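Have a look at the structure below, then the notes.
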Amino acid sequence: MGFVEGKIEEEKLFGDVVFPKTLLPSNKGEDLASAVTKERDRLSEVVKEHGAILFRGFDVGSAEDFSRVVKAFGWDEMGYVGATTRLKMADRVFTANEAPIDQFINFHHEMALLKEFPSKIFFYCFEPAPVGGETSIVPSHVIVEKMEEQMPKVMEKVTDVGLILCVSTAKDEDEDSGQVISKTWKWLFKTDDKFEAEKRARQKLSCTSINFKDDGSAEFTYGPMNPVREFGGKKAWFLPILGYSANEKDIVDTSFGDGSNVPQEALDAYKGILEENCVDLKWKKGDILLVNNLSVQHARRPGKPPRAIYASFCK
């Protein structure tokens, strides 16, 4: 047995399920990749049940070590598609996000607005921030349950007419300027031809319309669609409704499918539910966090540099 159960101060209990599940090495010097290879089937069931697994105390000292662990699970690689900056560090390993560390990156499911999105995400701590910089995770089914309890009429309307989401890429003048959505549509679709860009967008994104603006940005409209989806018999609040950061340029414009505004009270309730039910993981060097992207949202708390968190995505 390569693992023993651990416990962290931040963990929470939802029913009788601990979140996240923490696994430690059973022996000093235990190789995490080898242990995963021996128990990958059991670990697949654990992440399905608990939503997230924290591997702590293993000797994972580099991006290459992290890559070995990812590959040991045997899941196919999922290439990243998005308008944020990520740098490749090793095979299947990228920086989690290059947005300035003093910015809060809001809760979301990875690539939720694409037609294809990862089922699993790995995060690896190469260097924890000296202050802050926690990765926050929250079970998505809990968000749905709490919203149904606190905002039943809003949720009934969401089910009836859906939501419309509008998301914009960066303006030409704002590319790589420090916002979370830091790339232009030209960079995202690798063309400056609007017709070709729209064609590529419709192949990859679940958007219903695209509006190219004079400032070089593009607005993508999604919906009407229900933000709540079901995976494996469990509901998830899958689509982002709050934007990706506090920066007004990263805001998602959200309305009901009939064009009416979503009450501020509902948005505030949603924010409150996220904060009340999330776990802010305080990173330690060498930690690996495996997240079920179909059942768990993640976010990044502001912090101080240096901080180096790497990520890998699986189909």
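Do we have any residue at all in the range 22-29 that's in contact with a strand residue (DSSP E or B) (Cβ under 9 Å, 6 or more places away or on another chain), touching a residue at least 60 places away in the same chain (Cβ under 8 Å) and either within 18 Å of PHE123 (Cβ to Cβ) or of a type in the set (S, T, N, Q) (or both)? No, there is no match, as no residue in the range 22-29 is in contact with a strand residue (DSSP E or B) (Cβ under 9 Å, 6 or more places away or on another chain), touching a residue at least 60 places away in the same chain (Cβ under 8 Å) and either within 18 Å of PHE123 (Cβ to Cβ) or of a type in the set (S, T, N, Q) (or both).
Looking only at the range 10-53, residues that are part of a helix (DSSP H, G or I) and within 20 Å of the chain's Cα centre (by Cα) come to 6 in all. Given the condition modelled with pLDDT under 95 and β-branched (Val, Ile, Thr), answer yes or no: does some residue in the range 28-45 qualify? Checked against the condition, which is being modelled with pLDDT under 95 and β-branched (Val, Ile, Thr), the range 28-45 yields no hits at all. Looking across the range 211-232, the residues that are closer than 24 Å to PRO118 by Cα and more than 19 Å from the chain's Cα centre (by Cα) come down to GLU219, PHE220, THR221, GLY223, PRO224, MET225. Out of curiosity, is GLY74 in a loop (DSSP other than H, G, I, E, B), open to solvent by 40 Å² or more (accessible area, probe 1.4 Å), over 24 Å from LYS12 (Cα atoms) and out of contact with any strand residue (DSSP E or B) (no Cβ under 7 Å at 6 or more places or on another chain)? The answer is yes for GLY74. Checking the structure you have, find out if any residue of the range 283-298 is closer than 15 Å to ILE121 by Cα and among the hydroxyl-bearing types (Ser, Thr, Tyr). Yes; the residues of the range 283-298 include at least one that is closer than 15 Å to ILE121 by Cα and among the hydroxyl-bearing types (Ser, Thr, Tyr).
Between LYS157, LYS199, which is closer than 23 Å to TYR80 by Cβ and either of a type in the set (D, E, K, R) or surrounded by fewer than 20 Cβ atoms within 10 Å (Cβ to Cβ) (or both)?
Details: LYS157 fails: closer than 23 Å to TYR80 by Cβ.
Testing whether each residue is closer than 23 Å to TYR80 by Cβ and either of a type in the set (D, E, K, R) or surrounded by fewer than 20 Cβ atoms within 10 Å (Cβ to Cβ) (or both) leaves just LYS199.
Of all residues in the range 280-315, those satisfying the criterion of being surrounded by fewer than 22 Cβ atoms within 10 Å (Cβ to Cβ) and part of a strand (DSSP E or B) are ASP280, ALA299, GLY303, LYS304, ALA308, ILE309, CYS314. Close Cβ contacts (under 8 Å, 6 or more residues apart or on different chains) running from residues in the range 37-49 that are closer than 27 Å to VAL138 by Cβ to residues that are part of a helix (DSSP H, G or I) comprise ARG40/ALA72; LEU43/VAL36.
Please specify each residue of the range 250-268 satisfying the condition of being among the aliphatic types (A, V, I, L, M) and part of a strand (DSSP E or B).
We begin by selecting, within the range 250-268, every residue among the aliphatic types (A, V, I, L, M); these are 251-252, 262, 266-267.
Listed by number, the list is empty, since nothing qualifies.
The residues in the range 1-10 that are open to solvent by 40 Å² or more (accessible area, probe 1.4 Å) and either in contact (Cβ under 8 Å) with a residue 24 or more places away in the chain or more than 15 Å from LEU43 (Cα to Cα) (or both) can be counted, and the count is 3. Any residue at all in the range 235-249 that is open to solvent by 50 Å² or more (accessible area, probe 1.4 Å), modelled with pLDDT under 95, outside any loop (DSSP other than H, G, I, E, B) and over 26 Å from LYS120 (Cα atoms)? Checked against the condition, which is being open to solvent by 50 Å² or more (accessible area, probe 1.4 Å), modelled with pLDDT under 95, outside any loop (DSSP other than H, G, I, E, B) and over 26 Å from LYS120 (Cα atoms), the range 235-249 yields at least one hit.
Residues in the range 96-134 that are in a strand (DSSP E or B), among the β-branched types (Val, Ile, Thr) and within 15 Å of GLY303 (Cβ to Cβ): ILE105, VAL131.
When each of ARG68, ARG92, ARG40 is tested for being of a type in the set (Lys, Arg) and either in contact with a Cys (Cβ under 7 Å, 6 or more places away or on another chain) or surrounded by fewer than 16 Cβ atoms within 10 Å (Cβ to Cβ) (or both), the lone residue that passes is ARG40. Would the range 269-279 turn up any residue that is free of Cβ contacts under 8 Å to residues at least 60 places away in the same chain, outside any loop (DSSP other than H, G, I, E, B), open to solvent by 40 Å² or more (accessible area, probe 1.4 Å) and touching a Ser or Thr at 6+ places or on another chain (Cβ under 8 Å)? Looking through the range 269-279, none of the residues is free of Cβ contacts under 8 Å to residues at least 60 places away in the same chain, outside any loop (DSSP other than H, G, I, E, B), open to solvent by 40 Å² or more (accessible area, probe 1.4 Å) and touching a Ser or Thr at 6+ places or on another chain (Cβ under 8 Å).
The values are calculated or read from the model by the stated rules, or taken from the named source; none is laboratory data. All figures in this text were calculated on a predicted structure; none of them were measured in a lab. FYI the Cβ positions are ideal-geometry reconstructions off the backbone, even for glycines, and counts take in every protein chain you see. Just so you know, the surface numbers come from the protein's heavy atoms only, side chains and all, with ligands and any DNA or RNA stripped out. Shrake-Rupley method; radii C 1.70, N 1.55, O 1.52, S 1.80 Å.
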